[in-house]
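Novice: The structure under discussion is supplied below as structure tokens; questions concerning it will follow.
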Amino acid sequence: MAKKKNGDGEGTIYQRADGKWIGQITIGRDPDTGKLKRKSLYGKRRRDVSEKMNKIRLELNLGTYDKDEKTTLGEWMLKLLDLYKKQNLKVGTYNSYYINIFNHITSYWRY
């Protein structure tokens with residue numbers, strides 16, 4: 001029987017000698033070198049790793065996956081404010097939240 005080949009972007013799942021499962025998925029390319037960037041995921045069961053990979057794959061397709069793992073709290077809060085709260089807030093409230101996050105959280109951590 002022929003071995004099933006994974007399609008593009010599906011990733012790889014395998015079991016280590018100690019019994020843990022590892023999954024690797026391609027999340028993009030490094031803009032400087034052009035090399036593929038891969039994310040490794042770990043779990044006790046194959047199903048756990050597969051679910052984590054499916055979640056990342058969905059976020060990649062929706063454009064909500066943050067490839068930069070060095071996101072600061074302030075950047076994350078501004079992103080959430082823009083993505084999830086902007087449509088439910090009045091303009092003045094949104095501006096007030098934005099200014100408070102920017103002035104008290106993001107600018108503080110720059111120094």
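A short reminder: the numbers here are calculations on the coordinates, not readings from a lab. No experiment lies behind these values; they were computed from the predicted model shown. Using ideal geometry, Cβ is built from the backbone for each residue, glycine included, and neighbour counts are taken over all protein chains shown.
Novice: Which count do you get for residues in the stretch 77-107 that are surrounded by fewer than 11 Cβ atoms within 10 Å (Cβ to Cβ) and in contact (Cβ under 8 Å) with a residue 12 or more places away in the chain?
Specialist: Total satisfying the criteria: 1.
Novice: Moving to a separate point now. Kindly evaluate Gly11 against the criterion of being on the phi > 0 side of the Ramachandran plot, surrounded by 11 or more Cβ atoms within 10 Å (Cβ to Cβ) and within 15 Å of the chain's Cα centre (by Cα). Full working, then the answer.
Specialist: On the way: on the phi > 0 side of the Ramachandran plot: yes; surrounded by 11 or more Cβ atoms within 10 Å (Cβ to Cβ): yes; within 15 Å of the chain's Cα centre (by Cα): no.
Taking the combined requirement at face value, the residue does not satisfy it.
Novice: While we're here: For the stretch 16-64, give me each residue that is assigned to a helix (DSSP H, G or I), of a type in the set (A, V, I, L, M, F, W, C) and either surrounded by 12 or more Cβ atoms within 10 Å (Cβ to Cβ) or in contact with a Phe, Trp or Tyr (Cβ under 7 Å, 6 or more places away or on another chain) (or both).
Specialist: Here is the first cut: in the stretch 16-64, the residues assigned to a helix (DSSP H, G or I) are 46-62.
Narrowing further to those that are of a type in the set (A, V, I, L, M, F, W, C): 49, 53, 56, 58, 60, 62.
Once the filter is applied, which keeps residues that are assigned to a helix (DSSP H, G or I), of a type in the set (A, V, I, L, M, F, W, C) and either surrounded by 12 or more Cβ atoms within 10 Å (Cβ to Cβ) or in contact with a Phe, Trp or Tyr (Cβ under 7 Å, 6 or more places away or on another chain) (or both), the stretch 16-64 yields Val49, Met53, Ile56, Leu60.
Novice: Still on this model: Confirm whether Gly74 is in contact (Cβ under 8 Å) with a residue 12 or more places away in the chain and under 27 Å from Gly19 (Cα atoms).
Specialist: Working: in contact (Cβ under 8 Å) with a residue 12 or more places away in the chain: yes; under 27 Å from Gly19 (Cα atoms): no.
When the stated conditions are applied, Gly74 does not pass them.
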